[in-house]
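Working notes, structure below.
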Amino acid sequence: MLPYCDGDVSDLQGQIFTDVARDLTTDDTALHSSVLVLGANHNFFNTEWTPGISAAPSWDDWGGPPNATCGKATAQRLTAFEQRRVAKTYIAGAVQLTASGRTQLLAMFDGTRVHIPSAGDSDVRSATVGAGRVLRRPGIGATLAPSEGVASQLCVGKRSDQGHPTWCGRDTSPFGRTPHWVEPYPPGLDSQRDLEVGWTAPGGHGGLTFTHPLNLSAASSLDLRTAVDPTLGDVRFKVRLRGANGSALVTPVGGGLVPTLPRGPYSLSKRWAQTVRVPLAGVTGINLSRVWGFDLVPVSPDGRVWVLDAAGVHPGLPAIPVQRLARLTLGDVKVSEGNAGATDVNVPFTIDGPVREDTQIVVLRSLWASGGLLPPLHVPVAAGQHAGSISFSIDGDTRDDIDVTRFALFAFATRRLMTGDYVGTARILDDDPPPTVHVTQVARHVTEGHAAQWRVTLSTATDYQILVFGRPVWGQVLGERLKVGDLPLQWARDHIYPMRPPGTPLNRTNLLLYGSINPGRLTTTLSLPVRRDGVDESIESISMRLHTTFGLINPVVRTIFVHDPG
């Protein structure tokens, strides 16, 4: 369930699991459905993230103006109550469909445009893969058909900020607008190819030719998962089905109109693939048991779309299969770092069920301390294998690290295998002493027009980032304290919120100075600019309490005195 008004959490990354599942096997009868709720954000699905009813602090994480697409002042935006009503409706529908076999509820999830009274007047879209549907995918079982009057190509499903013509993204920054084309996460997986068709006048045609004919004789429709380019607006087209000895021009459900999703700043204007349903009842002029391809025939004056795949749809759900894919589960491991040389790390995995052919998994590694992704690992899995390990090495050293460095490993299957617990951890136990920390004033006395500076220095470098914070305090000195008016005006506005009157001592504001000592470095300096005010004053002082993350030092106070020039 995907909320349109944000990225849940950044780029609707849940969509990637539906997309990856599409290609695991060609005979998948499991239902994989993505449900997009327009006007929703991810916070309001959770009562503890909803303002007004949560016990803990919470907020609406829409950051744009209230009258924008997802702002509170618009009718399209769902209230917290309305959003949870949608969630309850679709969760209950999923339970009734899958646990009680009420197949009449399948329309809520299979791409059919339906309105469910218990969901209010919300706009909910759905798209499905699996469910026994026979797919034709651009570049896999389908090639680019000859075109006329349109620009068509098979493009790689990646995000692009550069508008590269062979990439589907086409200037889609920020990346949250392309949930199907997330780059670089997860790197190492095969990139999907999609059919891109663009036009500047109605008529013409462009589409796919299947390498093997598609039997649609018993199908109710041909569904095209189709994303619309919002920069060109709504599109309308017909679909021509092509066979060996004929063709048929069919108008999709809704008169062939595929509306662009709501536009707006940030991650709105999404390119999410909606279901375009081509009904087959009453189609003549073509042998539906041997359909060799399709063309899009534009009706609207211009537009651009991307077709992710084409699927023959049969009524209902297929029977639960006897055969299931083997399931891989990652484990955890602890390893001592060591002082020199390479140390091997082997994260175990187990496989439940038979692996029927050689395959592989793509493993991403992330350092929890920094969040940085390391190069992916391609781990082979042989037919008949039931266990194994993901192996890599780390370099031991004598530098201090956090007590336990955690590598998070994420396993993605590519074909004929699925993942259960796809997250594993490798805990690297550090055995080096922490550094000592020295805090000094760069200069104990400064003149107006220069900066008061405090320097924090480590005795030895570390393998982790250390943050340093400084807050003004009263201090154990006599005389005047530095005030808000002693700082450059714009700098004060940028660093003090709410802004205080010029005569307010800095220790009575929320001013916070901060810096960082990155891995392998030894020092950082906190700086406070002091303006030259031209007023004859007595000596002023600024006392700063400094501390670091990881408790490397107890908070210390260091005072600097500010003098008039000359």
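The values are calculated or read from the model by the stated rules, or taken from the named source; none is laboratory data. For clarity, every value in this text was computed on a predicted model and none was experimentally measured. Backbone-built Cβ (ideal geometry, glycine too); neighbour counts: all protein chains shown. We work out accessible area using only protein heavy atoms, side chains counted, and drop any ligands, DNA or RNA first. Shrake-Rupley method; radii C 1.70, N 1.55, O 1.52, S 1.80 Å.
Tabulated results
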read-out: Neighbourhood charge, 12 Å Cβ-Cβ cut-off, centred on Ala342 and excluding it, Lys, Arg +1 and Asp, Glu -1; value: -4
read-out: 5 Å-binned pair-distance histogram of region 153-217 (Cα, whole percent); value: 4, 16, 20, 20, 15, 13, 9, 4, 0
read-out: Cα→Cβ-extended label distance, 7 Å offset, between Thr398 and Ile320, nm; value: 6.2
read-out: P(r) histogram, all alpha-carbon pairs of region 454-520 included - 10 Å bins from 0, percent; value: 18, 40, 25, 16, 1
read-out: Cα centroid of region 123-140 to Cα centroid of region 1-75, whole Å; value: 20
read-out: DSSP-loop trypsin sites (Lys or Arg not before Pro) across region 206-303, with at most 15 other Cβ within 10 angstrom; value: Arg263
read-out: Residues with amide H under 5 Å from that of Thr462, placed H, sequence gap 5 or more; value: Gly520, Arg521
read-out: Label-point separation, Asp332 to Ala408 (7 Å along Cα→Cβ), nm; value: 1.4
read-out: In sequence order, calculated HN-Hα J values of region 313-328 (Karplus, 6.51, -1.76, 1.60; Hz; x Gly/Pro); value: 10, 10, x, x, 10, x, 5, 5, x, 6, 8, 10, 5, 5, 10, 9
read-out: Two-decimal Rg/Rh across the chain, once Rg and the Kirkwood Rh are taken from alpha-carbon atoms; value: 1.07
read-out: Ala383 paired with Ile91, simple spin-label distance in nm, labels 7 Å along Cα-to-beta-carbon; value: 4.4
read-out: Acute angle (nearest 10 degrees) that the helix 80-100 long axis makes with the longest principal axis of the chain, alpha-carbon atoms; value: 50
read-out: Euclidean distance of C-alpha centroids, region 360-405 and region 494-521, integer Å; value: 39
read-out: Eligible aspartates and glutamates near Lys238 by straight Cα distance, threshold 14 Å, same-chain separation 8 or greater; value: Asp223, Asp295, Asp302
read-out: Accessible area (Å², per residue) of the chain, counting only protein heavy atoms and a probe of 1.4 Å; value: 46
read-out: Region 160-291 pair-distance distribution - Cα-Cα, 10 Å bins, rounded %; value: 11, 36, 32, 18, 3
read-out: For the chain, calculated [θ]222 nm from helices alone, where every DSSP H run of n ≥ 4 adds -39500 (n - 2.57); value: -2000 deg cm²/dmol
read-out: Region 235-393: radius of gyration over Cα atoms, expressed as a fraction of 2.2 N^0.38 Å; value: 1.65
read-out: Cβ-Cβ FRET estimate between Ile140 and His450, R0 fixed at 60 Å, reported to 0.05; value: 0.35
read-out: Antiparallel bridge percentage (DSSP; both residues within the chain; nearest 5); value: 85
read-out: Theoretical gain in end-to-end length, Ala56 to Thr26 [0.36 nm per residue, Cα-Cα removed]; value: 6.2 nm
read-out: Residue-count net charge about Gln385 - beta-carbon cut-off 14 Å; Lys, Arg +1, Asp, Glu -1; value: 0
read-out: Globularity index of region 369-479, i.e. its alpha-carbon radius of gyration over 2.2 N^0.38 Å; value: 1.80
